[in-house]
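Structure first, then comments.
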Amino acid sequence: MFANRSRRFILCLAALAPLAVHAGTCEVQGGATRTHLVELYTSEGCNSCPPAEQWMSSIRDKEGLVGLEFHVDYWDSPAWHDPYAKQAWARRQEVKAKQAKAQVYTPQIWLDGKLWKSWPKGEAPGAEQPAVAQMPLTLRISAETGDKVKVRLQATGSGNPEHKRFYVALTENRLAQEIRGGENKGRRLEHDQVVRDFIGPLRLPEAQAELKVPTGMALPNAAVVAFVQDEDGGEMVQVLRLPLTECK
């Protein structure tokens, strides 16, 4: 290896409107272009992973990019257990690697559903290089900030949804751990855009889901990320991120 006050919000992606967030209604409108999705597969037990996690933190606020940091569990050992790791994330990585006929390793980065081999030398595209949004759609997500984030998704407009799927994640920024064992023993590791719960694939045109809020999660640092992906070729259709702080 290489290594409760209730809040409700609605996300709407209209096909031809510029991206905007309206704090009063928590409505996000997207149009003919979309942001880029970056997925990192990593672990606190991997000593070659901290640079990739630092890079993910560096793009946290970069316009045009949305990140998902998946912590895998295959680096866990009696010496150190990554508290953010889940076997489900490792299985997701395995499936993606198999489809791409690639190896499983950490750190591993995927850009817009494709294995990104240019990291760390290449620079990820941002708002200056927007991607085309392939399907007009509307996503409405209603949530109560407690132990669950309730999600309702609906795709509308033209396009064939047969091979397209919804995915939705709950992420958290500004996480940190003092590592007391394993390859990173003695280091303080900081994380952003960490996936705390993830649901998908869900069929279009409508789907409902409940994201679980982990105990102790700092909701001011949390966000919902929703995206639509074509299951045939892995091509990204639409991507959206909304911090829960926008929903008051």
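At a Cα cut-off below 23 Å, give the lysines reachable from Lys150, other chains included and same-chain residues fewer than 8 away excluded.
Hits, sequence-local ones excluded: Lys86, Lys164, Lys212, Lys248.
Calculate log10 I(q)/I(0) of the range 20-246 for q = 0.09, 0.10 Å⁻¹, where I(q) comes from the Debye formula with a single equal point scatterer on each Cα and nothing for solvent.
Rounded to two decimals, the profile gives -0.35, -0.44.
Highest first, please rank the peptides 84-91, 167-174 by the mean number of other Cβ atoms sitting within 10 Å of their residues.
167-174, 84-91
Testing the spin-label approximation: label points 7 Å from Cα along Cα→Cβ at Asp147 and Glu210. State their distance in nm.
Distance between label points: 0.9 nm.
What net charge is computed for the residues neighbouring Gly67, neighbours being all others with C-beta under 11 Å from the C-beta of Gly67, Lys and Arg scored +1, Asp and Glu -1?
-2
Counting only residues 5 or more places away or on other chains, whose amide H sits under 5 Å from the amide H of Leu68 once H atoms are built in the peptide plane?
Here Val38, Glu39, Leu40 satisfy the definition.
Of the peptides 42-55, 229-242, how do they stack up when ordered by the mean number of other Cβ atoms within 10 Å, highest first?
Averaged packing, sorted descending, gives the order 42-55, 229-242.
Roughly what would the spin-label model give for Arg180 and Ala88, points 7 Å off Cα along C-beta, in nm?
Inter-label distance under the simple model: 2.8 nm.
No value in this document is a laboratory result; all are computed from the given coordinates. Keep in mind it's a predicted model, so treat the numbers as computed, not measured. All Cβ positions, even for glycine, are placed from backbone atoms using ideal geometry, and neighbour counts span all protein chains on display.
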